[in-house]
1. Just need a number here: residues in the stretch 5-29 that are hydrophobic (A, V, I, L, M, F, W, C) and surrounded by 12 or more Cβ atoms within 10 Å (Cβ to Cβ).
2. Taking the stretch 41-58 as the search range and keeping residues that are more than 12 Å from the chain's Cα centre (by Cα) and loosely packed, with under 10 Cβ neighbours inside 10 Å, which one is nearest to K83 (Cα to Cα)?
3. For T64, indicate whether it is polar (S, T, N, Q) and buried (at least 17 other Cβ atoms within 10 Å of the Cβ).
4. With the condition being in contact (Cβ under 8 Å) with a residue 12 or more places away in the chain and farther than 22 Å from E3 by Cβ, I'd like the helices (runs of 4 or more DSSP H) fully within the stretch 14-98 carrying at least 3 qualifying residues.
5. Go through the stretch 1-13 and give me each residue that's assigned to a helix (DSSP H, G or I) and more than 30 Å from A70 (Cβ to Cβ).
6. In the stretch 67-86, how many are more than 12 Å from the chain's Cα centre (by Cα) and either under 12 Å from I34 (Cα atoms) or loosely packed, with under 14 Cβ neighbours inside 10 Å (or both)?
7. For T11, state whether it is among the polar types (S, T, N, Q) and touching a residue at least 12 places away in the same chain (Cβ under 8 Å).
8. Within the stretch 66-80, can you find the residues that are charged (D, E, K, R) and at pLDDT 95 or above?
Amino acid sequence: MLERTAPGDRTAWVERLPEESRAYPLRRMAELEIVDVLRSGDLSAEQVADDLEGWSDWLQRRITEDVPDAMVLDILAGHGRSKRVRRQAAEGLPRLRR
């Protein structure tokens, strides 16, 4: 549900949940904020490389699908956590370099 919620409305949506049910949505909200920042181009290559280790598999896969940035995909293609992430990132690079 958070993925379909506008970035500015996510916090309000999570706050409507019972407190004991918020941990997972809060983590996903933080990951979606990273995707938003990457889409805007406000994260440098150095920051991406530094932060990559702490990113979940889900987040890395989501980035390969939703972030049209050759620099980010190049980093994921070389250093993504899983073979799937590295492959998806590598497959996305040619369409961005046309």
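The values are calculated or read from the model by the stated rules, or taken from the named source; none is laboratory data. Every value quoted in this text rests on a predicted model; they were computed, and no experiment measured them. With ideal geometry, Cβ positions are generated from the backbone for all residues, glycine too; neighbour counts draw on all protein chains shown.
1. Taking the stretch 5-29 and keeping what is hydrophobic (A, V, I, L, M, F, W, C), we get 6, 12-14, 17, 23, 26, 29.
Keeping just the survivors that are surrounded by 12 or more Cβ atoms within 10 Å (Cβ to Cβ) gives 13-14, 17, 26, 29.
The qualifying residues number 5.
2. Initial filter on the stretch 41-58 (more than 12 Å from the chain's Cα centre (by Cα)): 41-42, 44-47, 49-50, 53.
Checking the rest, the ones that are also loosely packed, with under 10 Cβ neighbours inside 10 Å come to 42, 46, 53.
Details: D42: 26, E46: 22, E53: 14 Å.
Applying the filter and picking the extreme gives E53.
3. Details: polar (S, T, N, Q): yes; buried (at least 17 other Cβ atoms within 10 Å of the Cβ): yes.
Here the answer is yes, as T64 does meet what is asked.
4. Working: elements: 23-40, 45-51, 57-66, 70-79, 83-96.
So the answer is 70-79, 83-96.
5. Initial filter on the stretch 1-13 (assigned to a helix (DSSP H, G or I)): 2-4, 7-13.
Scanning the stretch 1-13 gives D9, T11, A12, W13.
6. Result for the stretch 67-86: 4.
7. Details: among the polar types (S, T, N, Q): yes; touching a residue at least 12 places away in the same chain (Cβ under 8 Å): yes.
Taking the combined requirement at face value, the residue satisfies it.
8. Quick first cut of the stretch 66-80, residues charged (D, E, K, R) only: 66, 69, 74.
Once the filter is applied, which keeps residues that are charged (D, E, K, R) and at pLDDT 95 or above, the stretch 66-80 yields only D74.
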